[in-house]
1. Just give me the residues in the range 182-204 being open to solvent by 10 Å² or more (accessible area, probe 1.4 Å) and in a helix (DSSP H, G or I), in sequence order.
2. So which residues in the range 239-250 are assigned to a helix (DSSP H, G or I), in contact (Cβ under 8 Å) with a residue 12 or more places away in the chain and open to solvent by 60 Å² or more (accessible area, probe 1.4 Å)?
3. Take residue 375 and decide whether it is free of Cβ contacts under 8 Å to residues at least 12 places away in the same chain, of a type in the set (A, V, I, L, M) and closer than 22 Å to residue 340 by Cα.
4. So, in the range 308-323, how many residues would count as being touching a residue at least 24 places away in the same chain (Cβ under 8 Å) and of a type in the set (Asp, Glu)?
5. Here are some residues: 6, 85. Which one is open to solvent by less than 50 Å² (accessible area, probe 1.4 Å), modelled with pLDDT under 60 and not in a helix (DSSP H, G or I)?
6. Residue under question is residue 207, and the condition is that it be among the polar types (S, T, N, Q), open to solvent by 30 Å² or more (accessible area, probe 1.4 Å), within 20 Å of the chain's Cα centre (by Cα) and at pLDDT 95 or above; does it hold?
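The values are calculated or read from the model by the stated rules, or taken from the named source; none is laboratory data. Worth saying up front: this structure is predicted, and the values here are computed from it rather than measured. Using ideal geometry, Cβ is built from the backbone for each residue, glycine included, and neighbour counts are taken over all protein chains shown. Side chains are part of the model used for accessible areas, which takes the heavy atoms of the whole protein and leaves out ligands, DNA and RNA. Shrake-Rupley method; radii C 1.70, N 1.55, O 1.52, S 1.80 Å.
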Amino acid sequence: MEPDTAGAAEVFGLALRELREQAGLTLRELGKRALYDYTRLSRAERGEILVPEAQARALDRALNAGGVLTALRDAASGGTPAVTARPCSVTGSEPVTLEIRLPGGGSVTLSLSRRQFTQVLATGALAAAFPPAGTPDDADRTARALEQPARIDREVLGYFRRTLDEFYKADKMLGPRRLIGPVLAQTEVLDGLRASARPQHADPLFQVLAQHAEMAGWLLEDSGDLDAAAAWSRRAAEWAQCAGDANMTAYMLVRQSNIAALTGDRTAVVQLAAAARRTPGPVDPKLTALALQQQARGHARLGEHRECFTLLDQAAGTLAAHPDVTVPGAPAYLHHYDLRTLTEQSAACYQVTGQADRAVTILQDTIAVISPALIRDRGHLTAKLAVAVTRTAQPDPARAASLGLEALAAARQTGSARILGELRTLDQRLTGQWPGHPATRSIRDALAA
């Protein structure tokens, strides 16, 4: 059996056994119901074979599994079943508890060893839930590290860095709904390795841990769980300090400043961003520019417009002088932070300071060049554009509502609370300015639904 198929067979067998035991059936009893040899069912539960696709459907019916087994069997064949996976617990030396759910309501909770869980991550046995990354060699090396933490090495850490890169890319398309579970699971697996890591690998491991915790905090923020986002961001900052990573330490101050903006603490937005600029150590100039932009955002909301635009000019000058990341190991976001991104972010300042027409132009230009595949990013920009359209010199409520409905579809698909937050602002604007307009009713009804 090929490595990928072996990993999928193991997960299928675990699910089959859990479902059979939940139903209170013996292998013989299930074999009679599904018209399948019980000895082959036994082998399937041990992960030695994969049952035929037609038999997986019969087992689903016999166990009232809601399609879980069919979806897992499809995954083994290289399909992309509509499954999501949410780790329920990944702590200490205990097994990983993983809940697999289907849109139709079917679900099963599996108890996986750390080796099995790592194989799921590495081989793509749940391809629709985990972005694919790694090779069979990665899976084997990482499994050995989980069983013997002292074996952790540069290659194992490289595997976790690569999977994190895949999560970063997938986030722009999928949003938080599909990614929070896998990222938290990998973070907890890494934390389990931390206690037994050799001294020469401690700092690199802390750095990878900080990067994972930052990603977890970001996804939780996008999902609307700001308390959990703040907690994970603080945890990331602690691990970054343990690693001596000045860039990530400063970056986490910017991230916490961003969370403060969502909670309405405008003063904290400024203070945290300013603190990021004062972080000692080799901080990449791009990170300084990001902190300047974030601080400008806070000043704009405090009504301090002169300070806002002075800082934005400084950020633009810094990026123009330093177009590339220069410090090794800088946060992934900085590699994509450029003058165009800064311009898009400045739209919020223009809108707050009464220059909505300029904000609309910036957002339209940004959306025009962004790939339709980046569903979450495009949806968020579209929602912001919808709000800006209601604040221009010649507001257009019908266009704003049309843009809002487009963004709402992206919010539903990705689970992004940031998009919904913009749409709630749009609803308030339309209700306040055009209470009887059909556009107002369309947004209100769509949000209510």
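1. Passing the criteria: 184, 188, 191, 192, 194, 199, 200, 201, 202, 203, 204.
2. Listed by number, the list holds a single entry, 242.
3. The answer is no for residue 375.
4. So the answer is 0.
5. Testing whether each residue is open to solvent by less than 50 Å² (accessible area, probe 1.4 Å), modelled with pLDDT under 60 and not in a helix (DSSP H, G or I) leaves just 85.
6. When the stated conditions are applied, residue 207 does not pass them.
One line per residue, one yes/no per condition, for (1) assigned to a helix (DSSP H, G or I); (2) open to solvent by less than 10 Å² (accessible area, probe 1.4 Å); (3) over 24 Å from residue 443 (Cβ atoms):
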residue	(1), (2), (3)
291	yes, yes, yes
312	yes, no, yes
317	yes, no, yes
335	yes, no, yes
361	yes, no, no
364	yes, no, no
371	no, no, yes
384	yes, no, no
393	no, no, no
